[in-house]
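What follows is a single structure, written as structure tokens, with notes after it.
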Amino acid sequence: MGKPLSGHGLGMRRPHYADFLAGSAPVDFIEVISENFMIDGGRPRDTLRKVREHYPVALHGVSMSIGSADGPDPAYLARLRALVDEIEPAVVSDHLCWTRFGGVNSHDLLPLPYTEEALAITCRSVLAAQDALGRAMLVENPSSYIAFTGELREWEFLSELVARTGCGLLLDINNIFVSAANHGFSAAEYLAGIPRDSVGQIHLAGHSQGRDLLIDTHDQPVPDGVWALYRTAVDRFGAVAAMIERDDNIPELPELLAELDIARSIAAEARVPA
């Protein structure tokens with residue numbers, strides 16, 4: 001297993017490949033979408049191997065589907081394990097959601113009802129995934145646009161998941177901001193309900209205003225409200241490894257690096273958790 005993540009990083013996106021391949025981008029780590037590299041051989045895998053020579057890597061998945069009733073696909077886990085063994089990433093993560101039913105992948109991060117039944121299924125899936133991967137994983141909180149009637153609040157569900165499986169959390173600050181606005185809960189209460197020692201990585205991103213809801217689009221700079229919530233997060237959890245996600249409307253690298261400097265500044269000012 002790679003060393004734990006620290007510092008501040010970026011998602012590795014194609015317009016910036018040359019900078020990461022040269023090792024010239026001043027970041028502490030990079031994150032890639034696992035599925036883009038879960039093939040044997042070929043240029044994508046070769047690119048990631050070369051970038052790995054310069055930077056620690058975080059593997060971030062979108063298709064493990066830990067919320068599916070039938071659990072993660074063993075073939076998927078085998079391919080991911082092969083990538084993990086080769087790249088030796090610092091962390092492996094995926095989302096609190098389901099994407100697959102009856103062998104069909106929706107390619108959407110679909111929400112879960114926060115019930116004891118769903119929690120038991122998700123715990124079983126996380127334990128199976130961790131066993132297959134030979135390591136603990138991080139689970140990311142989702143952004144959501146509908147809410148089911150449930151027995152637990154999202155942060156309570158995540159806290160129980162951590163306690164029952166030994167997994168950690170990838171805390172997406174933008175997702176908390178978006179979901180809090182969409183569903184009317186307190187983002188500060190959410191952060192206060194997350195165990196302090198459970199957060200292994202933080203995501204920062206932008207969003208867009210839809211007709212009635214905020215939409216997690218990853219195509220805008222990190223807005224002031226998310227920066228303010230990030231400050232609250234680092235005051236609670238400390239200077240956890242943090243990165244900026246940008247998946248569309250991708251700017252030149254210096255613009256993302258300027259945003260990353262804001263994150264560094266906020267983290268440097270963080271109060272030590274009591």
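The values are calculated or read from the model by the stated rules, or taken from the named source; none is laboratory data. Computed from a prediction, not measured in an experiment: that's the story for all the values here. Reconstructed Cβ throughout: ideal geometry from the backbone, glycine too, with neighbour counts over all protein chains shown.
Structure notes:
- Check on PHE20, crowded, with 18+ Cβ neighbours inside 10 Å, at pLDDT 95 or above and over 19 Å from LEU133 (Cα atoms): yes
- Pairs linking a residue in segment 13-27 that is within 15 Å of PRO44 (Cα to Cα) to a residue that is modelled with pLDDT of 95 or more and surrounded by fewer than 17 Cβ atoms within 10 Å (Cβ to Cβ), with Cβ atoms under 6 Å and 6 or more positions apart or on different chains, are LEU21/LYS50.
- Test: residue in segment 111-133 that is part of a loop (DSSP other than H, G, I, E, B), in contact (Cβ under 8 Å) with a residue 12 or more places away in the chain and in contact with a strand residue (DSSP E or B) (Cβ under 6 Å, 6 or more places away or on another chain): no
- Test for ALA270: is it in a loop (DSSP other than H, G, I, E, B) and either free of Cβ contacts under 8 Å to residues at least 24 places away in the same chain or surrounded by fewer than 19 Cβ atoms within 10 Å (Cβ to Cβ) (or both): yes
- Residues of segment 196-220 classified as more than 13 Å from the chain's Cα centre (by Cα) and within 23 Å of LEU5 (Cα to Cα), total: 4
- Residue count for segment 13-46, restricted to those that are farther than 15 Å from VAL62 by Cβ and in a loop (DSSP other than H, G, I, E, B): 10
- Restricting segment 241-256 to residues that are farther than 10 Å from ASN174 by Cβ, under 15 Å from the mean Cα position of the chain (by Cα) and of a type outside the set (A, V, I, L, M, F, W, C), the residue that is surrounded by the most Cβ atoms within 10 Å (Cβ to Cβ) is ARG246.
- Condition met for VAL32 (within 16 Å of the chain's Cα centre (by Cα), in contact (Cβ under 8 Å) with a residue 60 or more places away in the chain and buried (at least 17 other Cβ atoms within 10 Å of the Cβ)): no
- Qualifying residue in segment 125-134 (condition: modelled with pLDDT of 90 or more, out of contact with any helix residue (DSSP H, G or I) (no Cβ under 9 Å at 6 or more places or on another chain), hydrophobic (A, V, I, L, M, F, W, C) and closer than 22 Å to LEU80 by Cβ): no
- Summed over segment 181-240, residues that are part of a strand (DSSP E or B), within 12 Å of LEU171 (Cβ to Cβ) and not small (Gly, Ala, Ser) total 5.
- In segment 223-238, of all residues being aromatic (Phe, Trp, Tyr) and within 21 Å of GLU255 (Cβ to Cβ), the one that is surrounded by the most Cβ atoms within 10 Å (Cβ to Cβ) corresponds to TYR230.
- Scanning segment 50-68 for residues that are within 21 Å of the chain's Cα centre (by Cα) and under 24 Å from LEU256 (Cα atoms) yields a count of 10.
- Restricting the first member to segment 80-91 and to residues that are of a type in the set (D, E, K, R), and the second to residues that are assigned to a strand (DSSP E or B), the beta-carbon pairs closer than 9 Å and six or more apart or on different chains are GLU88/VAL57.
- Failed item in (1) loosely packed, with under 15 Cβ neighbours inside 10 Å; (2) more than 21 Å from MET243 (Cβ to Cβ), with GLU88 passing the rest: (2)
- Single residue of ILE87, ILE39, ILE121, ILE66 found to be among the hydrophobic types (A, V, I, L, M, F, W, C), closer than 21 Å to TYR17 by Cα and at pLDDT 90 or above: ILE87
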